[in-house]
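Working notes for the structure below.
The values are calculated or read from the model by the stated rules, or taken from the named source; none is laboratory data. Nothing here was measured: the structure is a model prediction, and the numbers come from that model. Cβ atoms come from the backbone with ideal geometry, glycine included; neighbour counts cover every protein chain shown.
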Amino acid sequence: MSNPPPKTILNKNKLSAKKTDREQMILAERIHIIFHQPLLKILLLGQGITVGITVIFLWGTVAPELLLVWLAWMVVMTIFWGGITLYYRHTLPPPQKAKRWAYIYLCSGLLLGATWGVTAFWPRVLADPSATVFLAIVVFGITTAGLAVFAPLLPAFYAFTMLSLVPYAIHFFIEGGKLYVTLGVMFLLYLLIILIIGDNMRRTLLESVLLRFENMELVNDLIKKNTLAEKAREQAVQAGMEKSKFIAAASHDLRQPLHALGLFVDALESRIRFPEVRKIVDNVRLATATLSDLMNGMLDISKLDAGVLQPVVSEFSIQPLLDRIAIEAEQNASEKGLRFRLRHCRAVVRSDSNMLDRILRNLVANAIHYTEQGSILVACRYRKKNLCIEVRDSGIGIDKNKLEKIFKDFYQVDNPERDRAKGHGLGLAIVERLAKLLGHTLTVNSKPGQGSTFCLCLPRVTNLSPTLEMPPSPPVYLDDVAGATVLVIDDEIMVCEGMADILTRWGCKALLADSAETAWEQLKANGLQVDVIISDYRLRENKTGVEAIECLQKKTRQVFPVIIVTGDTAADRLREANASGYHLLHKPVSPGKLRSLLSYLLNDSRTEFSDKKSNRPLA
């Protein structure tokens, strides 16, 4: 099994590479490669064995004391080389010390080369042809092996190779004779060849190191860019969160007075005596309704983003739903001089009927809004197991580069001046979110001046059942709220006053409180009798209406019908309020909707909510 490649010094010091000279880093990397090459141990062991064999072979030819001194020096050199190798691998010196290690390495090459070169001048060696040939082979082998060790650092390689081979060539030429001159020439040729090979190895290694540096720089640049991108993303997320918090806070603060304003307008309308006052009140009501529409659109977006709305999927015939949409659409289209057409469809689909109704109503209303002449067509097409409902218009159309933008919040195709009469730009944003929530595919094709086609594809049921109809409408309850005692908990004085006025006009008895404590006092003063509790969700001191109601029910050991009214649009607040299990209304609440829900709770004490709460034991 082969040894894994050594870790490069670039990995450990990549951060300091910015502060260190590039050439110094390259030198440090080359030295690092030398001391971490897997063959180094084998070469040191091979040199030790070669030295031993040389001493044995030349014993008797060379003076023993000379051989023993040479052997001792070689042992010292081998131990020294092995020691500095272990030290380097253990400490992994920083690039700043690369030159010092290069000098150590150069000196090692000089000493080792000279130690082998001195054998050329041993007495009586050249007199013995076998000893001469043996040493020539040994020196050739040692210098060849030195390629792997010294080639990464060219000065050390030159020193080792030349000090090993040149002494033999000089000695051969001095000795003279055909044999020794030939050997001298061979040594010089071999020296030239091995120097060329060593230089090529050095260049290859240097190119590899440079390429590694370039890759590392690219990686560092990529890391830097990714870091900047991540920071930018985090800043964008943070900005988005801050924006959401701001919008949620602003929405809550706006909904409070808007809710009270709606109550006061309703109260004022019943007291109008002069026609000119009615006109003013009607304008105020219209302005309030416009602002309420905007707030409700933002609330729908927040609900969808928070995951509060969950589809209730069922199988139903699509035609009754389309017929109901057509009744309203035909009237709106005729007011603009447009023709509305609906093609009959017998398909049965699988979806949430309320959400699907909302999607199609928005698409049809959008088509009528942006069409000045011509017609609007709603038609269905079968595509395999799906039903595709198309809403076509002959309106202004949309540029190709704007098609993706039309589903963004507050974006409007032809309203740069932000004319409120042209809507708020939330309809298609809600449509897209609802389609994604239902898992339906929504596409749009359009050309400027040629109209647009919105296509919604949803699953259809192939095994048709003739009895399938739209879900039944909820039962209508009698409007008998008069005589009811209603506890209102809200820390806004003007909301309490508005609620008190409207409840009094409905014939109800209103108990007003701004906290759980004052609500308890009101309950005790009224003999613990109350028919319905209407509470704001967010109260003072970080308390919630749910907590206040739980406290009251625990103290009275009673379960009351509850309506939670909230002006929050923050995702977490919506989830908390929705999880309470109580009936939830969002500010601004129209008096009609409030009275309808109040009547529902008073007429039917066996609602699902009441059953759930009454089965829960109280402490």
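Please find, within the stretch 138-158, the residue that is modelled with the highest pLDDT out of those that are over 13 Å from ILE196 (Cα atoms) and among the aromatic types (Phe, Trp, Tyr).
Within the stretch 138-158, the match that is modelled with the highest pLDDT is PHE140.
Please determine whether any residue of the stretch 568-589 is closer than 13 Å to ASP490 by Cβ and at pLDDT 85 or above.
Within the stretch 568-589, none of the residues are closer than 13 Å to ASP490 by Cβ and at pLDDT 85 or above.
Testing ARG538 on (1) farther than 19 Å from PRO588 by Cα; (2) touching an Asp or Glu at 6+ places or on another chain (Cβ under 7 Å); (3) modelled with pLDDT under 85, one condition comes back false. Which one is that?
(1)
A quick yes/no check of all residues on (1) modelled with pLDDT of 75 or more; (2) more than 30 Å from PHE134 (Cβ to Cβ); (3) β-branched (Val, Ile, Thr):
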{"site": "PRO4", "(1), (2), (3)": "no, yes, no"}
{"site": "ARG30", "(1), (2), (3)": "yes, yes, no"}
{"site": "GLY46", "(1), (2), (3)": "yes, no, no"}
{"site": "THR50", "(1), (2), (3)": "yes, no, yes"}
{"site": "GLY60", "(1), (2), (3)": "yes, no, no"}
{"site": "MET74", "(1), (2), (3)": "yes, no, no"}
{"site": "ARG89", "(1), (2), (3)": "yes, yes, no"}
{"site": "LYS97", "(1), (2), (3)": "yes, yes, no"}
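For the stretch 207-223, state whether one or more residues are within 20 Å of the chain's Cα centre (by Cα), in a helix (DSSP H, G or I) and farther than 19 Å from ILE26 by Cα.
For the stretch 207-223, residues within 20 Å of the chain's Cα centre (by Cα), in a helix (DSSP H, G or I) and farther than 19 Å from ILE26 by Cα: present.
So which residues in the stretch 156-210 are touching a helix residue (DSSP H, G or I) at 6+ places or on another chain (Cβ under 7 Å) and among the small types (Gly, Ala, Ser), if there are any at all?
Those that are touching a helix residue (DSSP H, G or I) at 6+ places or on another chain (Cβ under 7 Å) and among the small types (Gly, Ala, Ser): ALA156, ALA159, SER164, ALA169, GLY184, GLY198.
Suppose we filter the stretch 107-126 for residues that are hydrophobic (A, V, I, L, M, F, W, C), farther than 14 Å from GLY146 by Cα and in a helix (DSSP H, G or I); how many remain?
4
Within the stretch 317-335, can one find any residue that is among the acidic types (Asp, Glu), at pLDDT 60 or above, outside any loop (DSSP other than H, G, I, E, B) and more than 17 Å from ILE368 (Cα to Cα)?
no
Tally up the residues in the stretch 76-86 that are surrounded by 13 or more Cβ atoms within 10 Å (Cβ to Cβ) and at pLDDT 85 or above, please.
So the answer is 0.
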